[in-house]
Structures are given as structure tokens and as C-alpha cells.
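The values are calculated or read from the model by the stated rules, or taken from the named source; none is laboratory data. Only a predicted model underlies this, so the values are computations on that prediction, with no experimental measurement involved. Positions of Cβ are generated from backbone atoms using ideal geometry, with glycine treated the same way; all protein chains shown enter the neighbour counts. For accessibility, only protein heavy atoms count, side chains too; no ligands or nucleic acids. Shrake-Rupley method; radii C 1.70, N 1.55, O 1.52, S 1.80 Å.
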Amino acid sequence: MLLVALFGTLTALGMTVLACIQRPNRWQLLVSTYVIFYLVALGIVFSSLPSKTPASLISMNLIYGILYLPLLLISSPQPKVEVENKGKRPRNLFEERFNFRLPRINFGTKLAAGVLALLVVLGLFGSLQTRFGVKAVYNSLRIKTVETAPLLDKNATPIAISPKTVRNKMNKAMSTVPNTSYYKLGDLQTQVVKGKTVYIAPVEFDGFWRWQRARNTPGYFIIDATNVNAEPRFVKQSMKYTPSAYLFDDAQRVIYNRFPSWVQEGQPQLEVNDQGEPFFIQTVYKARGVSRRINYRSLHVVVLNAKTGATKLYTAAGAPAFINESIASSTAAEMNEIFGRYGNGFFNAYFNKTGVKLPNDNGTEDGVTPVADKNGNISYFNDFTSPKTSADSTMGYSMINARTGTLTYYTGKNIGVMDSTGAKKIAEKEYVAQKWSATMPIMYNIDGTPTWIVSLLDSTGAFRSYAYIKAADQSVKAYATTAAQALDQYRVQLAAAGSTASSTATKLTKVSGIVSRVAIVPNGSSQSVLFAIKGNDYLWSVGTGDYPKAALLEAGDEVKLTANVNKQAKTGAVQSFTNKTFK
């Protein structure tokens, strides 16, 4: 940090040396002025943590040089210049008009001005290169384009509970933390621990004086991310180095001091290994030349042991296996922006707009949403829409691997259907009176059909319902309090709608038998009766809107029905229904 401050005042130091050479009788004043200036610069570096990169050093030297020049002139005044023209040189128009002779510019001043001018040129060059050189950044992305999105496994839990719901539960559980008044809840992180998708959040210091008093935080919270009824569990793990600590216990400062030439992306995030030991991870990269352009193929991650302060630098893909998100969510959001907007260059993005697609900002972390697959890999989801302001359809969606940075773009049936903003609006329409809000929209491929899955929360942030909405037809939707229930109902709705997708093709079938099990579940503003028939492994659904007496169906009743059957999902949507036992 001392070295970065010295580099940052290099121009001012050069000015001081030149001034001391030209005016040796005033060297004490000049040196004292520089020392004071250096201490001020050190304070700025200590608080802002600028990276030790060419772009940062050029801008710092330019700023410090401009600020230091007046101080240098004040501390070493120029000799008086005679006003009268004694024939030494002719006056210019300015001098004639105001009867004033400008002081002669000495060699040191000319050299200082030249250095500042050079820094201005380099700074402008770097800024322009950063701003307009987006094509090189785009070319550094690892991009895969796929037309068919992967199918959602019927046994997989489609989405995790909303981060807002999790924070609500964790904040209520803060009373279990010792000396709870010292602390606050930190940032949430999605992770896979021992094969389970979880949310974790560190307990952080609530201000400087509480840090000064406690010095160590007591641990972190963890909660199952796939069960809406799960409760957070507090894990005791004393942590000295955290983002909320101060001075040299600050996690970000520790990482900066050891890797000052690396640019930090986002904030340090907590991840734990399978033994529950805490680490803070920070995405970093090396800037290109005098610009701040990023190379997405060379992203790295610094891993900081929250207990010992030990740090180690890894490539993003080569980080320890327990680290799921070595690429920060903010970096993933930037990758989507570069991919969607700048594929054909900077000027095309704002004028012709050929091939431009804009990422929506409906995710839970920096506009993206972390999603865990059945293999324990986490990817960031985001969908893209047209740059036309009136458009509300998606042009596809991306999944960015949180370890490798590979951006997979899914097109095919995902083009032209409603986008995530539209899905949220549709989900909220069913519960206008309750004022529930939709969050965390994610598109899945269910039985070959692009489907939006949205979580609905009440005004307190508590989870209330899942909404499954067919992306190409907003009238096909299902609501339930569990993901499995919502998925079953949605498949029934697909069958009833007669989806043309090959995997959801339906056939009208006549069935009769004895009911073995019955469940009545809400589906938005109406109800659906789900039931099973002895000797038949299909799940049948009948709406109470069409058949009100179906709400009185019981196990043991004999029924006769005609239904649209989805063989793959083993569901049937009842078209005609007769209860022979209860008429």
C-alpha cells in the first residue's frame, strides 16, 4: 500500500526534485510540502484501494500532479517580474492590454507541464480504449450456442427459495447469535455443500466500535435452499478476517495488500468447505495495457482463510473443488452485457443495433440468478430481450458456469416467447388483492416446453407460492406451495392445452375405476382436484370450475372419465367426469 501511494505521487515527486535542483535554498520547504502531500495520498489509497495497474497509476499521477502543482508554486514563489518593458522582449497583445508582463517559464515548469500533458494523452488513450475496444473483450468470452435447452429432471427440485425469503428467516434467527447487538447479517451466497444446495451468509460487524470490541465474528448461517419450510442454522466458526472488519482485518484489504496488481471484481463472498470451515473468495483479473479492459479467459480467484488470513491465488476453473462461484455474480452480469450488446462492436450497439439483445435485470444477484444443477454445478441465469422498448418477448437466455465462465446461450423454442418481466406480471395478476410480488424468474425446459418458474412472496418477504407459466401461452399456468406439486399441476395443464411439443403430445383416453387417493390444491384463483385410480399409475386432474362436485371426491368412489393423457409425464387432464358413487 505504501508502494502504491509512492507510485501514485511519482509525478509530484519529480516536480519536487526539479524544484529543489533549481532552488536549493528552499529544499526544506519543498520536501515538507511533498511529505504532507504524500501522507494525504496514502490516506486516499488506504481508503479507496486502487489497483497497481498502468491505467490506475496513470490516472493517479495525473490527478496528483495537477493537485500538487499549485502547492508547489505556493511553497516556492517565483521571483518578481518587472512590469515595465525594458526592451528585454516585446510585449504581446495580452500584456499590452493589461500592462502586465507574464513571468518567464523555466525549464522545470516546462518539463512538469510536458509530463502532465503526456499523462493526459495516455489517460485519454486508455479511457477510449476501454470504452470503444469492446470487441476484444467480447472475443475473450467462451460462448456456446445451443438450440435445445436441457430437460428438467422430474425428480429434481426446479428452483430454490427466494433470497428475500431466506434473509427474512435469517434476520429473525439473529437472536441466537451471542452478543447479537454487535452484529448484522452479511451477503447471501448460493453454494453446494455435501451435495446439497444451500444459502450461506456470514455474521458481520455492525460498525467500527463493535469491531473494536469483539474483533472476531462468531460464525455464519446456513439453510437448505430447496425446501421452503427449512429454517436457518447458525454455525459457530470464529472469523477474524471479514469484509465488515476494519484496518488490516478487512478481508478486501488483506487481499489487496497481497495482490495489488490484480483488479478486484465485486465484493468478497463467503464459501465454506465440506467441513464447514469459512473462506472469503474474491474474483480478480489483470487489466490489459493502459486500459481497464478485462480478459474473461484469464479470470482468477483469491481464496482467503477467514480464520488465519492465509491467501492463495488460483485460476477460476482451478480453484478448490468446494468453491462453486469463483466468478462473481457482478462479473457474470458484465459478461451478459458484453455478449448481448457488443458482439458487433461499440457503435453498432447504439446505432444500427444489428444482432443486439439486452439482458433483463430480474435476477437476484446483480441482475442474474444462481441456479444449481443435479451435478452440483452452479450457473448464473439471465434472459435477453429486444432493444425495442415496446418488446416484451425473449430472444433466448444464458447460463454462465460460475467456475469456468463458459456462457451457454439457449435459443430454439426460447425465441419469441414472453420474457422474465412478462412472466413476473402474469404471476402477480393471480394475487392482486393479496399484493404478492413475483421474484426469481427462471426458464426451464419442462417436457420440451419453455416454462417460466416464478416465486411469489408476500409483503414481509415470506414465500407463498410457485407459479409455473408456459412461456408461449400465458393461459397455461399452475400455482402451488411446493415445487413438486406445482410441476405435477403444470404438466396436467400442458396436457389439457394439447401441447404440440412431441414430448407433451396428448391423447384422449377413457378410464374408469376406484379412486385410491385424493388431494385438493389451489391453482391461482380456482382449485384442482388431483386423484389416483387403483391399478393405474397416472395422476388425474379435474377442475372444480367445470365440475363443482369434484371437490367432494373421496377415496373409494367409483369414477368414469375421459381425459387428455400425457404419456411421458403420466398425467391426465379430465374432459368429462362422472362420480358413480356420489351423484
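Ranked highest first by average number of other Cβ atoms within 10 Å, how do 554-563, 536-545, 477-486 line up?
Descending packing order for the listed peptides: 477-486, 536-545, 554-563.
Leaving ligands and nucleic acids out of the surface, order Val203, Val17 by accessible area at 1.4 Å, largest first.
The ranking, largest first, comes out as Val17, Val203.
Starting from the Cα of Lys549, draw a straight line to each of the aspartates and glutamates and keep only those under 15 Å, dropping any in the same chain fewer than 8 residues away.
Hits, sequence-local ones excluded: Asp557, Glu558.
Heavy atoms only, probe 1.4 angstrom, no DNA, RNA or ligands counted: give me Trp27, Trp436 ranked by accessible area, highest first.
Trp27, Trp436
Can you compute 3J(HN,Hα) from phi for each residue in segment 349-356, using the Karplus curve 6.51 cos²θ - 1.76 cosθ + 1.60 with θ = phi - 60°, rounded to whole Hz and x for Gly and Pro?
5, 10, 10, 5, 6, 5, x, 7
Please list 3J(HN,Hα) in residue order for segment 425-439, calculated via the Karplus relation 6.51 cos²θ - 1.76 cosθ + 1.60 where θ = phi - 60°; whole Hz, with x for glycine and proline.
Here the 3J(HN,Hα) series is 5, 5, 4, 6, 4, 6, 10, 5, 4, 7, 6, 6, 10, 8, 8 Hz.
Amide H neighbours of Ser576 under 5 Å, at least 5 residues apart or on other chains, H built in the peptide plane: list them.
Answer set, sorted by chain and number: Thr562.
Segment 157-199: which trypsin sites (Lys or Arg not before Pro) are DSSP loop and have at most 16 other beta-carbon atoms within 10 angstrom?
Sites meeting the loop and neighbour criteria: Lys194.
Where does the Debye-calculated log10 I(q)/I(0) of segment 235-389 sit at q = 0.15, 0.17 Å⁻¹, using only Cα point scatterers of equal weight, no solvent?
-0.88, -1.05
To the nearest 10 square angstrom, how much accessible area does Met418 have with a 1.4 angstrom probe?
30
Amide H to amide H, which residues 5 or more places from Ser516 or on other chains are under 5 Å from it, using H placed in the peptide plane?
Ala532, Ile533, Lys534, Gly556
Which FRET efficiency, nearest 0.05, do Asp361 and Arg213 yield, Cβ-Cβ r, R0 45 Å?
Working from the Cβ atoms, E equals 0.70.
Going by average Cβ density within 10 Å per residue, which order do the peptides 56-68, 571-583 take, highest to lowest? The partial results should precede the final answer.
On the way: 56-68: 20.6, 571-583: 16.9.
Taking the mean over residues of other Cβ atoms within 10 Å, the ranking is 56-68, 571-583.
Please report the accessible area of Ser48 (heavy atoms, 1.4 Å probe, ligands and nucleic acids excluded) in Å², nearest 10.
Only protein atoms counted, so the area is about 70 Å².
Output ³J(HN,Hα) for segment 567-583: one whole-Hz value per residue in order, computed from phi by the Karplus curve 6.51 cos²θ - 1.76 cosθ + 1.60 with θ = phi - 60°, and x for Gly and Pro.
5, 5, 7, 6, 10, x, 9, 5, 9, 9, 9, 9, 9, 5, 7, 10, 10
Which order do the peptides 274-280, 302-308, 264-270, 397-403 take when ranked by the mean count of other beta-carbon atoms within 10 Å per residue, highest first?
Per-residue Cβ counts within 10 Å, averaged per peptide and sorted highest first, yield 397-403, 264-270, 302-308, 274-280.
For Leu487, Leu247, give me the order by solvent-accessible area with a 1.4 Å probe, most accessible first, ignoring ligands, DNA and RNA.
Ranked from most to least accessible, the order is Leu247, Leu487.
At 1.4 Å probe radius, can you tell me the per residue accessible area of segment 211-299 in Å²? Walk me through the intermediate numbers first.
Values: 3670 Å² over 89 residues.
On a per-residue basis, 41 Å².
Need the list of lysines near Lys374 for cross-linking: C-alpha distance under 20 angstrom, and skip anything on the same chain fewer than eight residues off.
Straight-line reach from Lys374, under 20 Å: Lys154, Lys194, Lys196.
Mind listing the long-range amide H neighbours of Gln237? Cut-off is under 5 Å, sequence gap 5 or more, other chains count too, H placed in the peptide plane at 1.01 Å from N.
Excluding prolines and chain starts, which carry no amide H, the hits are Gly219, Tyr220.
If the chain between Tyr350 and Ala462 were fully stretched, how many nm would it gain, using 0.36 nm times the residue separation less the Cα-Cα distance? List each step's numbers first, then the result.
Details: separation 112, 0.36 × 112 = 40.32 nm, distance 4.08 nm.
Taking 0.36 nm per residue and subtracting the Cα distance, the gain is 36.2 nm.
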